[in-house]
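Student: Below you will find the structure I want to go over with you.
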Amino acid sequence: MSATADIHAYTKAEDVFAACAEFLVERLAAAVRDRGVARIALAGGGTPRRLYQLLAHRYRDALDWQAVEFYFGDERNVPLDHPDSNFRMARLSLFEPLGIQPHRTFPMISDQQRDPERDADAYEVALRRWTAGKVPRFDVTLLGLGSDGHFASLFPDTPALAERERLVAVNPVAKLHGHRLTLTFPVFEAARDVVFLVLGNDKRPSLARIRDGLAELPAERLAAKRPTHWFVDRAAARAP
């Protein structure tokens, strides 16, 4: 097992979501208490939807949610109201139920879905604005794990893996026949806490490689570089 991977495995998916929610609330509340604001980069896709619903209902009174700023680790190249939009999923399951003010949420894609390079540039400016030009230090980055070892939209054999200067990249992904916007390795490396949420049999081989301490695929490289927290179900945790 990677010396920096703290893996929490639970039998039921609902227990995974509950434990991850508890961890996130604790970290965000501490950030608000210590610095007056908490900043989180959210994961997209279908897996975190239930987590966001728990946060919006069971934990709605656990902290001052209006002191949290919500960013994204990656985004699909679709309009904000598209069913595949990570922002739309978070808006419906988290932002609207909590009544989060729009100026506390930061979508990667502009309303008009401008040129992706311009959207990436604008997001970089937004991130550097609160860091005096330095690499931002999120309180939490929430991530998923792909069966191919990718996280955010840092897929194997894609150019953004080598990016060390930019915070946001437009990453072409051949197998998806398109591109994604994604934060880059320096941002995830700098975060105070990196949290992976992983469920399902198809993730077993990738998680096993993390346990074995490999450092080849994107998620393995991150886990080898810095401490990470993993909230996983039994299906993903079992040896392949």
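The values are calculated or read from the model by the stated rules, or taken from the named source; none is laboratory data. Nothing here was measured: the structure is a model prediction, and the numbers come from that model. All Cβ positions, even for glycine, are placed from backbone atoms using ideal geometry, and neighbour counts span all protein chains on display. Only protein heavy atoms, including side chains, enter the accessible area calculation; ligands, DNA and RNA are left aside. Shrake-Rupley method; radii C 1.70, N 1.55, O 1.52, S 1.80 Å.
Student: Being out of contact with any Pro (no Cβ under 7 Å at 6 or more places or on another chain), in a helix (DSSP H, G or I), of a type in the set (A, V, I, L, M, F, W, C) and surrounded by fewer than 17 Cβ atoms within 10 Å (Cβ to Cβ): is that true of Leu92 here?
Tutor: Considered against the rule, which asks whether it is out of contact with any Pro (no Cβ under 7 Å at 6 or more places or on another chain), in a helix (DSSP H, G or I), of a type in the set (A, V, I, L, M, F, W, C) and surrounded by fewer than 17 Cβ atoms within 10 Å (Cβ to Cβ), Leu92 comes out as yes.
Student: Being under 14 Å from the mean Cα position of the chain (by Cα) and either charged (D, E, K, R) or open to solvent by 20 Å² or more (accessible area, probe 1.4 Å) (or both) is the filter here, so list the residues in region 116-161 that pass it.
Tutor: Result: Arg137, Asp139, Gly144, His150.
Student: Right, another one. So Ala169 passes all but one of these: (1) open to solvent by 30 Å² or more (accessible area, probe 1.4 Å); (2) modelled with pLDDT of 95 or more. Which condition number does it fail?
Tutor: (1)
Student: Also, quick follow-up: For region 5-52, name all the residues that are closer than 24 Å to Pro186 by Cβ, not in a helix (DSSP H, G or I) and not hydrophobic (A, V, I, L, M, F, W, C).
Tutor: Filtering region 5-52 down to residues closer than 24 Å to Pro186 by Cβ leaves 5-6, 23-24, 27-28, 30-31, 34-35, 37-45, 48.
Now restrict to residues that are not in a helix (DSSP H, G or I): 5-6, 37-45, 48.
Asp6, Arg39, Gly44, Gly45, Pro48, listed by residue number.
Student: Return a yes/no flag: does region 54-71 have any residue that is touching a residue at least 60 places away in the same chain (Cβ under 8 Å) and buried (at least 22 other Cβ atoms within 10 Å of the Cβ).
Tutor: Among the residues of region 54-71, not one is touching a residue at least 60 places away in the same chain (Cβ under 8 Å) and buried (at least 22 other Cβ atoms within 10 Å of the Cβ), which makes the answer no.
Student: Follow-up. Exactly one condition in (1) in contact with a helix residue (DSSP H, G or I) (Cβ under 6 Å, 6 or more places away or on another chain); (2) farther than 17 Å from Gly44 by Cα; (3) open to solvent by 20 Å² or more (accessible area, probe 1.4 Å); (4) not in a helix (DSSP H, G or I) is not met by Arg204; state its number.
Tutor: Going through the list (1) in contact with a helix residue (DSSP H, G or I) (Cβ under 6 Å, 6 or more places away or on another chain); (2) farther than 17 Å from Gly44 by Cα; (3) open to solvent by 20 Å² or more (accessible area, probe 1.4 Å); (4) not in a helix (DSSP H, G or I), Arg204 breaks only (4).
Student: Still on this structure, please answer the following. Taking the conditions exactly as written (within 22 Å of His150 (Cα to Cα) and either in contact with a strand residue (DSSP E or B) (Cβ under 8 Å, 6 or more places away or on another chain) or loosely packed, with under 15 Cβ neighbours inside 10 Å (or both)), does Val16 satisfy them or not?
Tutor: yes
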